[in-house]
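The values are calculated or read from the model by the stated rules, or taken from the named source; none is laboratory data. Treat the numbers as computed from the prediction; the structure is a model and nothing was measured. Backbone-built Cβ (ideal geometry, glycine too); neighbour counts: all protein chains shown. Surface accessibility is based on the protein's heavy atoms, side chains included, excluding ligands, DNA and RNA. Shrake-Rupley method; radii C 1.70, N 1.55, O 1.52, S 1.80 Å.
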Amino acid sequence: MAAAEERLQEALEAFDFGAPVVGALRYGKGHVNDTFCVHTQPDEAPCRRFILQRISPVAFKKPEELMENILGVTEYLGHQITAAGGDRSREAMEVLRTREGKAYYTDSGGGAWRVYPFIEHTLCHQTAETPELFAASGRAFGRFQRLLRDYPAETLHETIPRFHDTEDRLTKLKAAIEADALGRAEDCGAEIAFAMAREADCSVALQALREGALPLRVTHNDTKLNNVLMDEATGEGLCIIDLDTVMPGLVINDFGDSIRFGANHCAEDERDLGKVALDMELYAVYTDAFLEGVGGALTDAEIRFLPWGAKLMTLECGIRFLTDYLEGDTYFRTSRPGQNLDRCRTQFKLVSDMETHWAELEAISETYRKP
Ligand code: ADP
Ligand code: GN1
Ligand code: MG
């Protein structure tokens, strides 16, 4: 598919922004979609911004179904937030329709584009600079889980099949090693061995699900710190964004993916592994805040399995980065050679740290278990 820039003008013309567009620039640090910030200039009023995204054609094969999910979830969240006395326009995403009244625009090359109003006076962080910030994100993701508790899960499409099926992710890694399309497997013998040694781990949460020990809930499935907008004024988590993967899933995965990304002080692609370490204080702070946000409705087993959520999301993400490296970096956006392998290495370092501190992680779940 053509670079997003080649179809940008066409996409801009498909939406009525309510004022002339003065420019659109690449925006944000997402790894998957092509995101632009659109600046518009109404007459004698401040500039208004929008987020315009081309939905990744590599990740998402059925944009129609994906947008159906997003319309359903954003509308539902809007009602819940209004009912709770909140500000719907800032606390929930809103889809701007195309000039033809559709939820997204299909460009002449088949790319799918959608627009959200930009939620102003918010901050989007790439690292948890303070425990307070990380706690605020945990409350927000926990609250998101609580607000969607009664959402009709059966109406949601599976936007990426087997998204957090860690067993399947390992199978795909094995296939990539076998194919070794670019001859890169020799660069990553240690990483391949690390993943293979944890084959049994890949089944732990899925087995608990199959046995009925862990329930399916409506979950976000991509709970990175940069997928929550923080209110500039209060420092609290204001709006959960990046709703492409809202699907039935395990709550421990939503917990775990936040830990994976946020409970350390390094970028995901840090090359100096000596700097990469699980921060136990951040882990504890997030556990406390997430359980507070969820509002006490997790089962005993879910609370016990929280450390597994952290370990499996981190292991799985490392496996995915490694697979993408072996396959030629076709899924996660990269800006330099070897970046996906570096990303894999940070994830595996964090997994090792979790294994070292396993008993403490389990104790933290018990400490912050809510009555
Ligand atoms: P990706 O799936 O590629 O991660 P996201 O939907 O997370 O794409 O968007 C990328 C970035 O764009 C976010 O991390 C955030 O900085 C910004 N962003 C997305 N939606 C909004 C919004 N409605 N208001 C303000 N910023 C937004
Ligand atoms: C992607 O889209 P973004 O950048 O928020 C990916 C996540 C990974 C993450 C790793 C749809 O998240 O699953 O955990 O990168 N999203 C998708 O940073 O694959
Ligand atoms: Mg994102």
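Among the residues of segment 230-254, how many are over 18 Å from R146 (Cβ atoms) and within 14 Å of ligand 1 (Cβ to nearest atom)? First the steps, then the outcome.
Residues of segment 230-254 over 18 Å from R146 (Cβ atoms): 230-235, 242, 244-245.
With the extra rule that they be within 14 Å of ligand 1 (Cβ to nearest atom), the set shrinks to 230-232, 242, 244-245.
Final tally of qualifying residues: 6.
Rundown of residues vs (1) small (G, A, S); (2) surrounded by 14 or more Cβ atoms within 10 Å (Cβ to Cβ), yes/no style:
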{"residue": "Y76", "(1), (2)": "no, yes"}
{"residue": "H79", "(1), (2)": "no, no"}
{"residue": "D87", "(1), (2)": "no, no"}
{"residue": "R90", "(1), (2)": "no, yes"}
{"residue": "R97", "(1), (2)": "no, yes"}
{"residue": "E100", "(1), (2)": "no, no"}
{"residue": "A103", "(1), (2)": "yes, yes"}
{"residue": "G111", "(1), (2)": "yes, yes"}
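Please specify each residue of segment 169-179 satisfying the condition of being open to solvent by 20 Å² or more (accessible area, probe 1.4 Å) and either on the phi > 0 side of the Ramachandran plot or within 16 Å of ligand 2 (Cβ to nearest atom) (or both).
R169, K172
Would you point out the residue of segment 24-37, among those that are open to solvent by less than 50 Å² (accessible area, probe 1.4 Å) and within 11 Å of ligand 3 (Cβ to nearest atom), that is farthest from R333 (Cα to Cα)?
T35
Could we say that H121 is touching a residue at least 12 places away in the same chain (Cβ under 8 Å), open to solvent by 20 Å² or more (accessible area, probe 1.4 Å) and within 16 Å of ligand 1 (Cβ to nearest atom) here?
Yes, satisfied.
For segment 221-253, what are the residues that are surrounded by fewer than 20 Cβ atoms within 10 Å (Cβ to Cβ), more than 21 Å from K61 (Cα to Cα) and more than 10 Å from ligand 3 (Cβ to nearest atom)?
Answer for segment 221-253, where residues must be surrounded by fewer than 20 Cβ atoms within 10 Å (Cβ to Cβ), more than 21 Å from K61 (Cα to Cα) and more than 10 Å from ligand 3 (Cβ to nearest atom): D231, E232, A233, T234, G235, E236.
Just give me the residues in segment 180-197 being in contact (Cβ under 8 Å) with a residue 60 or more places away in the chain and open to solvent by 40 Å² or more (accessible area, probe 1.4 Å), in sequence order.
Initial filter on segment 180-197 (in contact (Cβ under 8 Å) with a residue 60 or more places away in the chain): 180-182, 184-185, 187-188, 191-192, 194-195.
D180, A181, L182, R184, D187, listed by residue number.
Of the residues in segment 38-53, how many are within 16 Å of ligand 2 (Cβ to nearest atom) and either of a type in the set (S, T, N, Q) or surrounded by fewer than 19 Cβ atoms within 10 Å (Cβ to Cβ) (or both)?
The qualifying residues number 1.
Could we say that F305 is open to solvent by 10 Å² or more (accessible area, probe 1.4 Å), among the aromatic types (F, W, Y) and free of Cβ contacts under 8 Å to residues at least 60 places away in the same chain here?
No: the conditions fail for F305.
If you take just the helices (runs of 4 or more DSSP H) that sit entirely in segment 116-218, which of them hold at least 3 residues that are modelled with pLDDT under 95 and closer than 21 Å to V294 by Cα?
Qualifying helices (runs of 4 or more DSSP H): none found.
Those residues that are in contact with an Asp or Glu (Cβ under 8 Å, 6 or more places away or on another chain) and more than 16 Å from ligand 2 (Cβ to nearest atom), I need them from segment 130-140; list them, please.
P131, A135, A136, G138, R139
Tell me, please, whether a residue that is open to solvent by less than 20 Å² (accessible area, probe 1.4 Å) and charged (D, E, K, R) can be found in segment 344-357.
No, segment 344-357 contains no residue that is open to solvent by less than 20 Å² (accessible area, probe 1.4 Å) and charged (D, E, K, R).
Table: residues versus (1) touching an Asp or Glu at 6+ places or on another chain (Cβ under 6 Å); (2) within 16 Å of ligand 1 (Cβ to nearest atom).
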{"residue": "A128", "(1), (2)": "no, yes"}
{"residue": "G142", "(1), (2)": "no, no"}
{"residue": "L148", "(1), (2)": "no, no"}
{"residue": "A153", "(1), (2)": "no, no"}
{"residue": "T166", "(1), (2)": "yes, no"}
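Does S108 satisfy being closer than 30 Å to P215 by Cα and among the hydroxyl-bearing types (S, T, Y)?
No.
Do any strands (runs of 3 or more DSSP E) lying entirely in segment 1-103 carry at least 1 residues that are more than 10 Å from ligand 1 (Cβ to nearest atom) and in contact (Cβ under 8 Å) with a residue 60 or more places away in the chain, and which ones are they? Spell out the reasoning first.
On the way: elements: 21-26, 34-40, 48-54.
Because the criterion is at least 1 residues that are more than 10 Å from ligand 1 (Cβ to nearest atom) and in contact (Cβ under 8 Å) with a residue 60 or more places away in the chain, the strands (runs of 3 or more DSSP E) in segment 1-103 that meet it are 34-40, 48-54.
Output the residues belonging to segment 59-74 that are within 15 Å of ligand 3 (Cβ to nearest atom) and either open to solvent by 60 Å² or more (accessible area, probe 1.4 Å) or in contact with a Leu (Cβ under 7 Å, 6 or more places away or on another chain) (or both). Spell out how you get there, then give the answer.
Initially, segment 59-74 is screened for residues within 15 Å of ligand 3 (Cβ to nearest atom), giving 59-60, 66, 70.
Across segment 59-74, the qualifying residues are F60, I70.
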